[in-house]
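Colleague: Okay, here's the structure, questions in a sec.
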Amino acid sequence: MLEPVYSPAFKKHPLQWIQINLFYDWFSSVMTLLVGYLLVSFLPALIDWIFISADWFGSSREDCSGEGACWVFIGARFDQFIYGFYPPEEYWRVNLATVLLIALMVPLFFENFTKKAWLIAFLLIGYPVIAKILFAGGVFGLEQVDTEQWGGLMLTLIIATVGIIASLPIGILVALGRRSEMPIIRWLCVSFIEVMRGVPLITILFMASVMLPLFMPEGVSFDKLMRAMIGITLFQAAYMAEVIRGGLQAIPKGQYEAADSLGLNYFQKMGFIILPQALKLVIPGIVNTFIALFKDTSLILIIGLFELSGIMKAALNDPDWLGFAIEGYLFAALIYWIFCFGMSRYSMRVEAKLNTGHR
Amino acid sequence: MNQSHIKEEIVIELNNVNKWYGDFHVLKDINLKVKSGERIVICGPSGSGKSTMIRCLNRLEAHQKGDIIIEGTPLTNDIRNIEVIRKDVGMVFQHFNLFPHLSVLDNCCLAPQWVKKVPRKEAEETAMKYLERVKIPDQALKYPGQLSGGQQQRVAIARSLCMNPNIMLFDEPTSALDPEMIKEVLDVMVELAEEGMTMLCVTHEMGFAKKVADRVIFMDGGEIIEENDPHQFFDNPQSERTQLFLSQILHN
C-alpha cells in the first residue's frame, strides 16, 4: 500500500506571485502600472490632507491653518453630532442607556452563558422601556425631553435599532402570509409588499407625517418620531419579506413533508424546521436590508428630524463654520461606515457559527 | 410462511381511492386492506402511482375520491383527523429528509417533545434507545451533513420510531443509497419487521420482499395489477405486465 504523500506546495515565491498576479500579460502589466501611477499620485496628497497637515486642536475657525483638513470643526460640534439638541446637562441619561445596553449585551458573546434566552427577552421587552424612560423623561423626577430635541447619532441609532428589530418579525409574517393557502391573507400580504416597495421612502415619510394626522380623530396625535419609525419599519419590512420569501422557496419540499409526516402543526413546522433554515440561507440579504435601513434613517431630515446627517447639514450652514462640508461629510460617512461594516462582519460571524456542514 | 404475527384487526383500508394530478389519473379505484402486523411490499414501474398511494396514507397527498381509513379514522380535509393519523403513522423517505440544522439527537427528539409533549429527558432516552437499535448511538451529537447516506437513512428510521408509530411507510428507502449502504438499511428494516411492525414499503429490493413480505403488490398505470404472497408472486406471476416487470428488474 502507498503511503499518503503531501500535496505539492502551493506557496509561491513572492516574485512568482507578482509575475502571475500583476504582470501576467501585456494587458495586466499596463493596468498594474496605471493603477500604481494613480495611487502614487493621489494617495500621499490625500493622507497629507487628512492627517499630516490637518488641524486637530482648537475651538474656532481661527485655529484652522487651511493647509489640510480642519477637524476642529468636528471637535467643536461633536456633542451636537452625537446628541442633537438634547439638553447638555441631561447627556448622562443617554450615556447611561448606552452603557446599560452594552453591559447587557456583553454576556451574549460568551459561549458558556446559559440564560441567553432570558437576557434576549429582557433586551427586547424590558430594555426598551428603560431606554424610553431615560430618553424621554417626564417621570421619576427626570426632566422631560421632547423627541424634537433628540438628534444626531443617538437618533440615528434609535430609529435604526427599532426599525431593525421590528422589521424582521413583520417581514417574516408577511413572507409567510404571501405563501399562505388562504387567499385573503395572501392578497393582503402581496398588496402590502407591492405598495410599500412601489413607493419611494420619502413619499412614505411625507405621508406618515403630513397625511396620517388628517385621518386621525381630533385630539389624537402621534409623535413625529413614532410616525417616522413606523414608516421606515414598514417600508423595510416589505423588502425583508421578499428576502425571506426567497429563503423559504429555497427549502426543499422534503423538509416540509418530513415535518408533516412527524405530525408537527403549521407553526411548529415553520418555527422549528423551515424558518431556521430559510433565515440562515438569506442572512446576507437580511443584513443587506438592515444596512439599507440604517442608511435610510438619513431621509427623516425631510420631516424635520435631525439625525446624524441632518444635524451635520445644519451645522454646515452655521455662518461661523461655512466651508467645512468635506470634513463634515467625511466624518458622517466614517460613522455610518463603522456601523454598517460592523453589521456586515457580525453577520459573517453568525453565518460561520450556524454552518452545520450542510450544502 | 409463518403468518402468526398478523392480527385480525384491519388498520388500513382503502376503498375505491382515486386521485388526479390535473387531468392525469394517477390512482384508479385502489382497494386495499392491511391487517395489523402485516408487511407489504409495493413495486411497479416508475410512474405507476405506488409512491403517490402511500403518500396518500398520511395525507402528504390528498386523494379526491373514495375513502381512506387508518385505524378507524377517516382521512378527510379535517385537520384534526390528519393530525391524529400522522402521530401514529411514521414515514421514511427516499432522500431521508433529515433536518440539516439540527443534530441527530434533536432530529429524533423534536416531534415527541412538541407533538406528544414528552419531557426532554424522556425524549432523549427514547431517541438514544432507537439510535442504538439502528446502531448509531455514537453519532447522536453530529449533524446529518456529517453522516453517510446509509447512516442518515437509519437516523430517519429512528426519528420516525421515536413517535412510537403503529404503522411505518417506506417510500423507496434505499433508492438514493450507494450500493454498499443498502444492506445496513435493509437489515434495520428486517429487524423492525420481525418485531411485528405494520409496514408498507415501496421498494425494488426483491431480496427484502422475499424475506419479509407477507404480500407483494404490483402496481402499473395507477392500478393494482396483482397482489400475492412473495413466493407465488416471484415464481408464478399471473399477469403479463408483472412478468415483463419482473424480467426487467431481475435481469441483473
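The values are calculated or read from the model by the stated rules, or taken from the named source; none is laboratory data. All values reported here derive from a predicted model rather than from experimental measurement. A quick note on method: Cβ atoms are made from the backbone with ideal geometry, for glycine too, and the neighbour counts reach across all protein chains shown.
Colleague: If I go through region B:56-74 residue by residue, how many of them are within 20 Å of A:GLU181 (Cα to Cα) and within 14 Å of chain A (Cβ to nearest Cβ)?
Modeller: Residues of region B:56-74 that are within 20 Å of A:GLU181 (Cα to Cα), as a first pass: B:56, B:58-64.
Then keep just the ones that are within 14 Å of chain A (Cβ to nearest Cβ); that gives B:56, B:58-62.
Qualifying residue count, region B:56-74: 6.
Colleague: Can you tell me how many residues within region B:69-93 are in a loop (DSSP other than H, G, I, E, B) and either crowded, with 18+ Cβ neighbours inside 10 Å or modelled with pLDDT of 95 or more (or both)? Working first, answer last.
Modeller: Our first condition is that a residue be in a loop (DSSP other than H, G, I, E, B); within region B:69-93, this holds for B:71-72, B:75-78, B:93.
Adding the requirement that they be either crowded, with 18+ Cβ neighbours inside 10 Å or modelled with pLDDT of 95 or more (or both) leaves B:75, B:93.
Going through region B:69-93 one residue at a time, the tally reaches 2.
Colleague: Moving on. Could you count how many residues in region A:319-328 are in a helix (DSSP H, G or I) and over 15 Å from A:GLY152 (Cβ atoms)?
Modeller: Restricting attention to region A:319-328, the residues satisfying the condition of being in a helix (DSSP H, G or I) are A:319-321, A:325-328.
Subsequent filtering for residues that are over 15 Å from A:GLY152 (Cβ atoms) retains A:319-321, A:325-327.
So the answer is 6.
Colleague: Just checking, which of B:GLU83, B:GLU61, B:GLU71 is closer than 25 Å to B:LEU177 by Cβ and either touching a His at 6+ places or on another chain (Cβ under 8 Å) or of a type outside the set (S, T, N, Q) (or both)?
Modeller: Numbers: B:GLU83 fails: closer than 25 Å to B:LEU177 by Cβ; B:GLU71 fails: closer than 25 Å to B:LEU177 by Cβ.
Selected residue: B:GLU61, the only one of B:GLU83, B:GLU61, B:GLU71 that is closer than 25 Å to B:LEU177 by Cβ and either touching a His at 6+ places or on another chain (Cβ under 8 Å) or of a type outside the set (S, T, N, Q) (or both).
Colleague: Here's a check for you: in region B:30-39, which residue that is surrounded by fewer than 22 Cβ atoms within 10 Å (Cβ to Cβ) and within 30 Å of B:GLN248 (Cα to Cα) is farthest from the other protein chains (Cβ to nearest Cβ)?
Modeller: Applying the filter and picking the extreme gives B:ASN31.
Yes or no, residue by residue, for (1) part of a helix (DSSP H, G or I); (2) out of contact with any helix residue (DSSP H, G or I) (no Cβ under 9 Å at 6 or more places or on another chain); (3) closer than 20 Å to A:ILE158 by Cα:
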| residue | (1), (2), (3) |
| --- | --- |
| A:LEU173 | yes, no, no |
| A:LEU176 | yes, no, no |
| A:TRP187 | yes, yes, no |
| A:VAL190 | yes, no, no |
| A:VAL195 | yes, no, no |
| A:LEU225 | yes, no, yes |
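Colleague: Could you check how many residues of region B:195-231 are more than 27 Å from B:TYR130 (Cβ to Cβ), out of contact with any Gly (no Cβ under 7 Å at 6 or more places or on another chain) and surrounded by 14 or more Cβ atoms within 10 Å (Cβ to Cβ)?
Modeller: Filtering region B:195-231 down to residues more than 27 Å from B:TYR130 (Cβ to Cβ) leaves B:206, B:216-231.
Pick out the ones that are also out of contact with any Gly (no Cβ under 7 Å at 6 or more places or on another chain) and you get B:206, B:216-217, B:221, B:223-231.
Applying the additional criterion that residues be surrounded by 14 or more Cβ atoms within 10 Å (Cβ to Cβ) yields B:206, B:216-217, B:221, B:223-228, B:230.
Total meeting the criteria: 11.
Colleague: While we're looking at this one, here's another question. Only one of (1) part of a helix (DSSP H, G or I); (2) crowded, with 20+ Cβ neighbours inside 10 Å fails for A:LEU264. Which number is that?
Modeller: (1)
Colleague: While we're here: Tell me, which helices (runs of 4 or more DSSP H) lie completely within region A:2-113 with 2 or more residues that are of a type in the set (Ser, Thr, Tyr)? First the steps, then the outcome.
Modeller: On the way: elements: A:14-21, A:26-47, A:72-83, A:91-105.
Ranges flagged: A:26-47, A:91-105.
Colleague: Given region B:148-220, what strands (runs of 3 or more DSSP E) lie entirely inside it while holding 2 or more residues that are over 13 Å from the mean Cα position of the chain (by Cα) and away from chain A (no Cβ under 14 Å)? Write out each step before concluding.
Modeller: Numbers: elements: B:167-171, B:198-202, B:215-220.
So the answer is B:215-220.
Colleague: If you scan region B:91-101, which residues turn out to be at the interface with chain A (Cβ under 7 Å from one of its Cβ atoms) and under 18 Å from the mean Cα position of the chain (by Cα)? Steps first, answer last, please.
Modeller: Let us first name the residues in region B:91-101 that are at the interface with chain A (Cβ under 7 Å from one of its Cβ atoms), namely B:91, B:93, B:95, B:97, B:99-101.
Scanning region B:91-101 gives B:MET91, B:PHE93, B:HIS95, B:ASN97.
Colleague: Return the residues of region B:113-125 that are closer than 26 Å to B:VAL190 by Cα and more than 14 Å from every other protein chain (Cβ to nearest Cβ); say none if nothing qualifies. I'd like the intermediate steps shown before the answer.
Modeller: To start, the set of residues in region B:113-125 that are closer than 26 Å to B:VAL190 by Cα comprises B:123-125.
Result: B:GLU124, B:GLU125.
Colleague: Here is a follow-up. State which residue is nearest to the other protein chains (Cβ to nearest Cβ) when the search covers only region A:228-260 and only residues that are of a type in the set (Ser, Thr, Tyr) and over 30 Å from B:CYS109 (Cβ atoms). Before the answer, list the steps.
Modeller: Pass one, region A:228-260, residues of a type in the set (Ser, Thr, Tyr): A:233, A:239, A:256.
After this cut, where a residue has to be over 30 Å from B:CYS109 (Cβ atoms) as well, the list is A:233, A:239.
Details: A:THR233: 28, A:TYR239: 25 Å.
Taking the candidates together, the pick is A:TYR239.
Colleague: Let me ask you something else. Could you please find all residues in region A:261-292 being free of Cβ contacts under 8 Å to residues at least 60 places away in the same chain and facing another protein chain (nearest Cβ under 8 Å)?
Modeller: Passing the criteria: A:SER261, A:LEU262, A:GLY263, A:LEU264, A:ASN265, A:GLN268, A:PHE272, A:ILE273, A:PRO276, A:GLN277.
Colleague: On to the next question. Hey, could you check region A:21-36 for residues that are of a type outside the set (Gly, Ala, Ser) and more than 39 Å from the chain's Cα centre (by Cα) and say which is surrounded by the most Cβ atoms within 10 Å (Cβ to Cβ)? It would help to see each step written out before you state the result.
Modeller: Step one: of region A:21-36, the residues of a type outside the set (Gly, Ala, Ser) are A:21-27, A:30-35.
Filter once more, keeping what is more than 39 Å from the chain's Cα centre (by Cα): A:23-27, A:30.
Values: A:PHE23: 14, A:TYR24: 11, A:ASP25: 7, A:TRP26: 8, A:PHE27: 8, A:VAL30: 11.
Per the stated criteria, the residue is A:PHE23.
Colleague: Conditions: (1) assigned to a helix (DSSP H, G or I); (2) out of contact with any Pro (no Cβ under 8 Å at 6 or more places or on another chain). A:SER347 meets all but one. Number of the miss?
Modeller: Among (1) assigned to a helix (DSSP H, G or I); (2) out of contact with any Pro (no Cβ under 8 Å at 6 or more places or on another chain), A:SER347 violates only (2).
Colleague: Continuing with this model, one more query. If you check B:GLN139 against the conditions, is it more than 11 Å from chain A (Cβ to nearest Cβ), in contact with a helix residue (DSSP H, G or I) (Cβ under 6 Å, 6 or more places away or on another chain), more than 30 Å from B:GLY22 (Cα to Cα) and in contact (Cβ under 8 Å) with a residue 60 or more places away in the chain? Lay out the reasoning, then the answer.
Modeller: Working: more than 11 Å from chain A (Cβ to nearest Cβ): yes; in contact with a helix residue (DSSP H, G or I) (Cβ under 6 Å, 6 or more places away or on another chain): yes; more than 30 Å from B:GLY22 (Cα to Cα): yes; in contact (Cβ under 8 Å) with a residue 60 or more places away in the chain: no.
Answer is no for this residue.
Colleague: Next question, about the same structure. So A:VAL350 passes all but one of these: (1) aliphatic (A, V, I, L, M); (2) more than 14 Å from every other protein chain (Cβ to nearest Cβ); (3) within 18 Å of the chain's Cα centre (by Cα). Which condition number does it fail?
Modeller: Against the list (1) aliphatic (A, V, I, L, M); (2) more than 14 Å from every other protein chain (Cβ to nearest Cβ); (3) within 18 Å of the chain's Cα centre (by Cα), A:VAL350 comes up short only on (2).
Colleague: Checking the condition out of contact with any Ser or Thr (no Cβ under 8 Å at 6 or more places or on another chain) and at pLDDT 90 or above, which residue from A:ILE311, A:ILE326, A:ILE338, A:ILE300 passes? Walk me through how you get there before you give the answer.
Modeller: Working: A:ILE311 fails: at pLDDT 90 or above; A:ILE326 fails: at pLDDT 90 or above; A:ILE300 fails: at pLDDT 90 or above.
So the residue among A:ILE311, A:ILE326, A:ILE338, A:ILE300 that is out of contact with any Ser or Thr (no Cβ under 8 Å at 6 or more places or on another chain) and at pLDDT 90 or above is A:ILE338.
Colleague: Scanning for something buried (at least 16 other Cβ atoms within 10 Å of the Cβ), within 17 Å of A:SER167 (Cβ to Cβ) and of a type outside the set (A, V, I, L, M, F, W, C), does region A:268-281 turn up at least one residue?
Modeller: No; the residues of region A:268-281 include none that is buried (at least 16 other Cβ atoms within 10 Å of the Cβ), within 17 Å of A:SER167 (Cβ to Cβ) and of a type outside the set (A, V, I, L, M, F, W, C).
Colleague: I've got another one for you. Does A:ALA97 fit the bill of being aliphatic (A, V, I, L, M), out of contact with any Gly (no Cβ under 9 Å at 6 or more places or on another chain) and loosely packed, with under 11 Cβ neighbours inside 10 Å?
Modeller: On the way: aliphatic (A, V, I, L, M): yes; out of contact with any Gly (no Cβ under 9 Å at 6 or more places or on another chain): yes; loosely packed, with under 11 Cβ neighbours inside 10 Å: no.
Against the criterion (aliphatic (A, V, I, L, M), out of contact with any Gly (no Cβ under 9 Å at 6 or more places or on another chain) and loosely packed, with under 11 Cβ neighbours inside 10 Å), A:ALA97 does not qualify.
Colleague: Could I ask something else about it? If A:ALA314 passes every condition in (1) within 24 Å of A:ILE170 (Cβ to Cβ); (2) surrounded by fewer than 17 Cβ atoms within 10 Å (Cβ to Cβ) but one, which one does it miss?
Modeller: If we test A:ALA314 against (1) within 24 Å of A:ILE170 (Cβ to Cβ); (2) surrounded by fewer than 17 Cβ atoms within 10 Å (Cβ to Cβ), just (1) comes out false.
Colleague: Being in contact with a helix residue (DSSP H, G or I) (Cβ under 9 Å, 6 or more places away or on another chain), within 14 Å of another protein chain (Cβ to nearest Cβ) and assigned to a helix (DSSP H, G or I) is the requirement here; does A:ALA314 meet it?
Modeller: Numbers: in contact with a helix residue (DSSP H, G or I) (Cβ under 9 Å, 6 or more places away or on another chain): yes; within 14 Å of another protein chain (Cβ to nearest Cβ): no; assigned to a helix (DSSP H, G or I): yes.
Considered against the rule, which asks whether it is in contact with a helix residue (DSSP H, G or I) (Cβ under 9 Å, 6 or more places away or on another chain), within 14 Å of another protein chain (Cβ to nearest Cβ) and assigned to a helix (DSSP H, G or I), A:ALA314 comes out as no.
Colleague: Additional query: Hey, B:SER160 hits all of (1) among the small types (Gly, Ala, Ser); (2) surrounded by 20 or more Cβ atoms within 10 Å (Cβ to Cβ); (3) touching a His at 6+ places or on another chain (Cβ under 8 Å) but one; which does it fall short on?
Modeller: Condition (3) is where B:SER160 drops out.
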